[in-house]
Every structure is written in structure tokens, then in C-alpha cells.
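*Asks:* Pasting a structure below so you can have a look.
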Amino acid sequence: MDSVNAFVTASSALITLSGTVTNALSLSYFIRKDNRTLGTRLLMVLNSLDLALCCTSPFAIATGLNNIRSDQMYDITNGVYCSLLASTAFTTCLLSVVRSISVSRPFAPINEKAVVVATISWNVLIVAKEVIYRAYKMSHTKSSGQLELAAKCVWVTKIAMIVLVVVVSNSISVMKILRSRAEIGENYRLTDKNKQATITVVILSLLFFVFNTLWVTTLGAVFLCGAKLNQYFLSFAFWLGVPLNSALNPVVYLARKESMRRYLRGILRMEGEGKTTGGTEEGLESRRRRRTTAGTEEGLEGRRRRRTTAGTEEGLEGRGRTEKGRRAFSVI
């Protein structure tokens, strides 16, 4: 068991470090990006939740493995971790549904206020549920076993339903794109325009499906059915899978978005300061123009100085010759 704990702790530290760096960089890109669409804002929310989950997962794992022996600390860290897990699941589900609507009905308007209200309502509900559950658990220790079992049943049902919605939504998006590829005209052009964004959402949803399905099935098999699994597999599925999903999401953004790659290359080269307009070509072009303008102004200023200096020297030389002529005339 000590070797399993060491494996989980070391893996968690590595995932946390890499996930924090990649999510922080991708979040800075989304913050600086201009003209954000609804899909971009949802990706920004998912990115923020992934960053928070990567930062809090080591504490939840440490208390869960009894590396930090405190029941209250376990309830607090595990409550925060579970809330973030549910929020990332719902945001991924919402992103899949929005993309499915955009592809299936490209001219149908999406009520962004309804999306915002749904997101806020879900997060408030999740936080309230966790607070009530943890408070009741700490105050009723005798019935905590049955309460824990009921809570795990709710978690399995909730995440399983979200996974099902994600699978259905992405299946609709993929089928619509494949069907529209054979068409011509406006529909094909529209499909080609949304193809890259849809593929990005499908990849994110696939990662979500793999890791969250692994987490849900492991939770159900072990805690509800009493199955005996390999300790390394159990530790990976239960403790490391979801944080690894959060750490991999920014890698998908980087692989799918050329503007993000340009933005990160600009950071590595220390090019420019301030707002880079999301690393777009317009931002790079504007910096080139400013540098060219500055160089041109410096060149013009240098030429003016040389001309002025040359004119001054010629004037002094001319005045010197005139003075010599006057002296010679006075002698004559």
C-alpha cells in the first residue's frame, strides 16, 4: 500500500505541476483574445475550472490517502474537489450541446443569457449540495455509512447522465458534418467553417468520456458492488484520471489552435508587451508596423541631423572664407 500511495502522490504532483502551467497559459490566451464567441467563453470557463481542479486535487488526494489525517480537512478538500469535478462535467456537456445546436441549426440563435443562467444555477446547486451533505455528515456520525452510500449512488447517476448527453450531442455533430460534406453550396461552406471547432469539441468530449467513464465505473464497481480491483488501476481511475483530463485539455487547445501557438511563441520570444490580441496576425502585424514606423522616424531624424550638421559646417566654412577675404581687402 505504501508503494501505491507513493505512486499516486508522485503522479499527482506531476499532473498538478504540468496542468497548472498549461491551463494558466491557455487561460491567459483566452483572456487576451478579442471578439469572444459563446463557444470561446465556454472554453474559457472550462479552462478556469480545469486550473482550479489541478490546484486542489493534491489536497484531496493527500487527505483521501490519509497522508493528512483530519476528517474535517478531508470533508472540506473532497467537497471542493467534487464540486469542481461536477462543474467541469457540466461545462463540457454544455459545450457539446451548444456545438451540436450550432452545427445542426446554424441560423438558429442561441440564448446566451439562458446558458449563463444554467451555468450559474448548476454551480450554486452543486455547492449547496456539497455544503449540506458535508455538514450533515459531520453532525450525524452514526448514519454516515448509509449517507456515504447514498451520495455515491447520486454521483454515479449524475455523471453517467452527463456522459450520456455528451455522447449523444457529439454524435449528432459528427453525423451532421459527415452528411453535409456531400452537399454543395452554402451548407458545405458553413460546415467547412465550423469543422475545426467541432473537431476540437469532439476531442475534448472524447477525453471527458474516457476518464469520467473510468471514474464512474470504478466508483460503482468498488463502492457499490464491492468488486476487488488492482490497487494501481483503482488509484489511477479514482484519483488521477480526472486531474489528468484537466491537464490534457489545454494540450488539445494548443494542438487545434494556430493562433494559440503563435501567442505562446510570442511569449517564449518575449515579443511585445501588453495585450497581444490573442496572438492573431493583426496583433503581430501591428507590432511590426510600430517597429517599422519607429525605425523610419529614427532614420528620418538621423538624416535631418546629418543635413543640419553638414549645413552648419558649410555655413561656418563659408563665413570663414568671407572673413579671410575681408582681411585681405583691408590689407590691400
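*Asks:* In this structure, does Thr20 turn out to be among the hydroxyl-bearing types (Ser, Thr, Tyr), out of contact with any Gly (no Cβ under 7 Å at 6 or more places or on another chain) and closer than 15 Å to Tyr253 by Cα? First the steps, then the outcome.
*Replies:* Working: among the hydroxyl-bearing types (Ser, Thr, Tyr): yes; out of contact with any Gly (no Cβ under 7 Å at 6 or more places or on another chain): yes; closer than 15 Å to Tyr253 by Cα: yes.
Taking the combined requirement at face value, the residue satisfies it.
*Asks:* Can you name the number of the only condition in (1) loosely packed, with under 14 Cβ neighbours inside 10 Å; (2) under 30 Å from Leu17 (Cα atoms); (3) free of Cβ contacts under 8 Å to residues at least 12 places away in the same chain that Ala150 fails?
*Replies:* (2)
Yes/no per residue for (1) touching a residue at least 12 places away in the same chain (Cβ under 8 Å); (2) more than 21 Å from Phe90 (Cα to Cα):
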| residue | (1), (2) |
| --- | --- |
| Leu25 | yes, yes |
| Ser28 | no, yes |
| Arg32 | yes, yes |
| Cys55 | yes, no |
| Leu65 | yes, yes |
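*Asks:* Tell me which residues, restricted to the range 1-11, are surrounded by fewer than 14 Cβ atoms within 10 Å (Cβ to Cβ), closer than 13 Å to Ile61 by Cβ and hydroxyl-bearing (Ser, Thr, Tyr). Even if it seems obvious, please write down each step before you answer.
*Replies:* Taking the range 1-11 first, the residues surrounded by fewer than 14 Cβ atoms within 10 Å (Cβ to Cβ) are 1-3, 6, 10.
Filter once more, so that each one left must be closer than 13 Å to Ile61 by Cβ: 6, 10.
Answer for the range 1-11, where residues must be surrounded by fewer than 14 Cβ atoms within 10 Å (Cβ to Cβ), closer than 13 Å to Ile61 by Cβ and hydroxyl-bearing (Ser, Thr, Tyr): there is none.
*Asks:* Just give me the residues in the range 12-40 being surrounded by fewer than 18 Cβ atoms within 10 Å (Cβ to Cβ) and not aliphatic (A, V, I, L, M), in sequence order.
*Replies:* Residues satisfying the conditions are Ser18, Thr20, Ser28, Arg32, Asp34, Asn35, Arg36, Thr37, Thr40.
*Asks:* Just give me the residues in the range 127-183 being modelled with pLDDT under 85, aliphatic (A, V, I, L, M) and under 22 Å from Ala221 (Cβ atoms), in sequence order.
*Replies:* Leu147, Leu149, Ala150, Ala151, Val154, Val156
*Asks:* Right, something else. Quick one: is Ser100 among the small types (Gly, Ala, Ser), touching a Ser or Thr at 6+ places or on another chain (Cβ under 6 Å), over 14 Å from Val242 (Cα atoms) and in a helix (DSSP H, G or I)?
*Replies:* In short, yes.
*Asks:* Is the range 25-40 home to any residue that is of a type in the set (Phe, Trp, Tyr), more than 8 Å from the chain's Cα centre (by Cα) and at pLDDT 90 or above? Quick ask: steps written out before the conclusion?
*Replies:* Let us first name the residues in the range 25-40 that are of a type in the set (Phe, Trp, Tyr), namely 29-30.
Subset that is more than 8 Å from the chain's Cα centre (by Cα): 29.
Applying the additional criterion that residues be at pLDDT 90 or above yields 29.
Yes, the range 25-40 has at least one match.
*Asks:* Considering only the range 184-217, how many residues are modelled with pLDDT under 80 and part of a helix (DSSP H, G or I)? Full working, then the answer.
*Replies:* Looking only at the range 184-217, we keep the residues that are modelled with pLDDT under 80, and these are 184-195.
With the extra rule that they be part of a helix (DSSP H, G or I), the set shrinks to 186-195.
Of the residues in that region, 10 qualify.
The values are calculated or read from the model by the stated rules, or taken from the named source; none is laboratory data. If you're wondering where the values come from, they're calculated on a predicted model, not measured in any experiment. Glycine gets a Cβ as well: all are built from the backbone with ideal geometry, and neighbour counts include every protein chain shown.
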